[in-house]
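Q: Here it is, the structure in full.
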Amino acid sequence: MALTIEKAQQILDDYYDLTHTKYEDDISLIHALEFLIQETKNPEYMVELGGWYYEQRQFDLAEEYYLMAASLEYVDAYECLGYIYYYGRVGQPDYKKAFYYYKLASDKGNLVASYKLADMYKNGYYVSKDYSKYVEIMKSLYPMIQGATNTFDPVPEIYSRLAKIYVEEGNEDQAIQLLLIAKEFQSQRLIYSQFFGDLTIMKYIVNDLYSLIQFDPNYMDLFDLYYALQKPCKVAIEILGDDHIIEAKYEDGLFYICMDDKNYEDVDQFFLHAKVNEEPISTQYVNVNYIEILD
């Protein structure tokens, strides 16, 4: 059956409605996006296909499509290329290229590129270390992101950085409020996103939050397990009506976490690999009926 633009777009819509995708679904998506790129020359499709390859860790192909979109001056492609080179996805980190593309995107108002550019000033990557410049950029982003409602807006990334700045300035109350908002945004994002970096962001937010406030087991949620499971404990949790016991313990001198007869070497591996009804536990935030640390 010959593809048309309408049919290709329908393939995309159908793909993103799938809970679980198969190999043939992925192939259909790739063919549909390649067709749309060829027929429309729309850089959004180029970045979309590049993003799919990035999540599959096929970074060479991701770079190829990002560069294609960047040649059409598409701002999101600049941001994506910044990531490619900042993290050395196609070789060693290339901070000169990363700075170049982040700066292009930041100058066009891209918030993600802006906080990554700030990070480069903080860390002295390609540019000289300039912490005051880092703080200046981060504080300039606050009014731009304040009041954001889209789950995928970079609220967690910006607020968690600002929280550290406010702690240094002695404003812990403001830092706590920002971290609480960041945590809720990231919890919602993880319902939909299996991107490999999102769990790391959540871990840092939780750890930073409980360095400022007392952990209260009576008011914990799913991602507070990042804090609770760092030491031996037993947790009862009900998800979609099913009861589970999660236990962090030492045995023969080794620390591990177990749930449903499966063992995980630490809390990172638990959140990466534990599943409930074949779904990653990290996606079950809104399906938790109760959670309790047992005596």
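The values are calculated or read from the model by the stated rules, or taken from the named source; none is laboratory data. Only a predicted model underlies this, so the values are computations on that prediction, with no experimental measurement involved. So basically every Cβ, Gly included, is an ideal-geometry build from the backbone, and we count neighbours across all protein chains shown.
Q: At pLDDT 95 or above, in contact with a strand residue (DSSP E or B) (Cβ under 8 Å, 6 or more places away or on another chain) and closer than 30 Å to Ala163 by Cβ: is that true of Ala236 in this structure? First the steps, then the outcome.
A: On the way: at pLDDT 95 or above: yes; in contact with a strand residue (DSSP E or B) (Cβ under 8 Å, 6 or more places away or on another chain): yes; closer than 30 Å to Ala163 by Cβ: no.
Answer is no for this residue.
Q: If only one of Ile239, Ile191 is among the β-branched types (Val, Ile, Thr), surrounded by fewer than 17 Cβ atoms within 10 Å (Cβ to Cβ), closer than 30 Å to Glu55 by Cβ and in contact (Cβ under 8 Å) with a residue 12 or more places away in the chain, which one is it?
A: Of Ile239, Ile191, the one residue that is among the β-branched types (Val, Ile, Thr), surrounded by fewer than 17 Cβ atoms within 10 Å (Cβ to Cβ), closer than 30 Å to Glu55 by Cβ and in contact (Cβ under 8 Å) with a residue 12 or more places away in the chain is Ile191.
Q: Yes or no: segment 14-32 includes at least one residue that is hydrophobic (A, V, I, L, M, F, W, C) and under 17 Å from Asn110 (Cα atoms).
A: Looking through segment 14-32, none of the residues is hydrophobic (A, V, I, L, M, F, W, C) and under 17 Å from Asn110 (Cα atoms).
Q: Whether any residue in segment 68-78 is at pLDDT below 95 and out of contact with any Asp or Glu (no Cβ under 7 Å at 6 or more places or on another chain) is what I want to check.
A: no
Q: Still on this structure: Would you list the strands (runs of 3 or more DSSP E) that sit entirely within segment 176-283 and hold 3 or more residues that are assigned by TED's automatic domain parsing to the domain that holds Pro154?
A: In segment 176-283, there are no strands (runs of 3 or more DSSP E) which contain 3 or more residues that are assigned by TED's automatic domain parsing to the domain that holds Pro154.
Q: Same structure, new question: Restricting attention to segment 37-56, and to residues there that are free of Cβ contacts under 8 Å to residues at least 12 places away in the same chain and not in a helix (DSSP H, G or I), which single residue is farthest from the chain's Cα centre (by Cα)?
A: Of the residues in segment 37-56, the ones free of Cβ contacts under 8 Å to residues at least 12 places away in the same chain are 38, 42, 56.
Okay, now just the ones that are also not in a helix (DSSP H, G or I), so 42, 56.
Values: Asn42: 26, Gln56: 15 Å.
Result: Asn42.
Q: Name every residue in segment 125-175 that is surrounded by fewer than 17 Cβ atoms within 10 Å (Cβ to Cβ), among the aromatic types (Phe, Trp, Tyr) and assigned to a helix (DSSP H, G or I), in order of residue number.
A: Tyr131, Tyr142
Q: Condition first: assigned to a helix (DSSP H, G or I) and over 21 Å from the mean Cα position of the chain (by Cα). Now tell me which residues in segment 100-114 satisfy that. Give the steps one after another, and end with the answer.
A: Initially, segment 100-114 is screened for residues assigned to a helix (DSSP H, G or I), giving 100-107, 111-114.
Of everything in segment 100-114, those that are assigned to a helix (DSSP H, G or I) and over 21 Å from the mean Cα position of the chain (by Cα) turn out to be Tyr100, Lys103, Leu104, Asp107.
Q: Of the residues Glu157, Glu168, which is at pLDDT 95 or above, over 26 Å from Ser193 (Cβ atoms) and either among the aliphatic types (A, V, I, L, M) or in the same structural domain as Val206 (by TED's automatic domain parsing) (or both)?
A: Every option except Glu168 fails the conditions.
Q: Okay, moving on. Going through segment 45-80 one residue at a time, which ones are loosely packed, with under 15 Cβ neighbours inside 10 Å and out of contact with any helix residue (DSSP H, G or I) (no Cβ under 7 Å at 6 or more places or on another chain)?
A: Of everything in segment 45-80, those that are loosely packed, with under 15 Cβ neighbours inside 10 Å and out of contact with any helix residue (DSSP H, G or I) (no Cβ under 7 Å at 6 or more places or on another chain) turn out to be Glu55, Gln56, Arg57, Gln58, Asp60, Ser71, Glu73.
Q: Also: Within segment 20-31, can you find the residues that are surrounded by fewer than 17 Cβ atoms within 10 Å (Cβ to Cβ), within 26 Å of the chain's Cα centre (by Cα) and closer than 20 Å to Glu64 by Cβ?
A: Asp26, Ile27, Ile30
Q: Give the residue, chosen from Glu34, Glu63, that is charged (D, E, K, R) and over 20 Å from the mean Cα position of the chain (by Cα).
A: Just one listed residue meets the conditions, Glu34.
Q: Restricting attention to segment 264-278, which residues are free of Cβ contacts under 8 Å to residues at least 12 places away in the same chain, within 19 Å of Ile239 (Cβ to Cβ), surrounded by 14 or more Cβ atoms within 10 Å (Cβ to Cβ) and not hydroxyl-bearing (Ser, Thr, Tyr)?
A: Listed by number, the list holds a single entry, Lys275.
Q: Among (1) under 27 Å from Leu294 (Cβ atoms); (2) touching a residue at least 40 places away in the same chain (Cβ under 8 Å); (3) crowded, with 17+ Cβ neighbours inside 10 Å, which single condition is Pro217 missing?
A: Unmet condition: (3).
Q: Looking at (1) surrounded by fewer than 13 Cβ atoms within 10 Å (Cβ to Cβ); (2) touching a residue at least 24 places away in the same chain (Cβ under 8 Å); (3) out of contact with any helix residue (DSSP H, G or I) (no Cβ under 6 Å at 6 or more places or on another chain), which is the one condition that is false for Asp17?
A: Checking Asp17 against (1) surrounded by fewer than 13 Cβ atoms within 10 Å (Cβ to Cβ); (2) touching a residue at least 24 places away in the same chain (Cβ under 8 Å); (3) out of contact with any helix residue (DSSP H, G or I) (no Cβ under 6 Å at 6 or more places or on another chain), the one that fails is (2).
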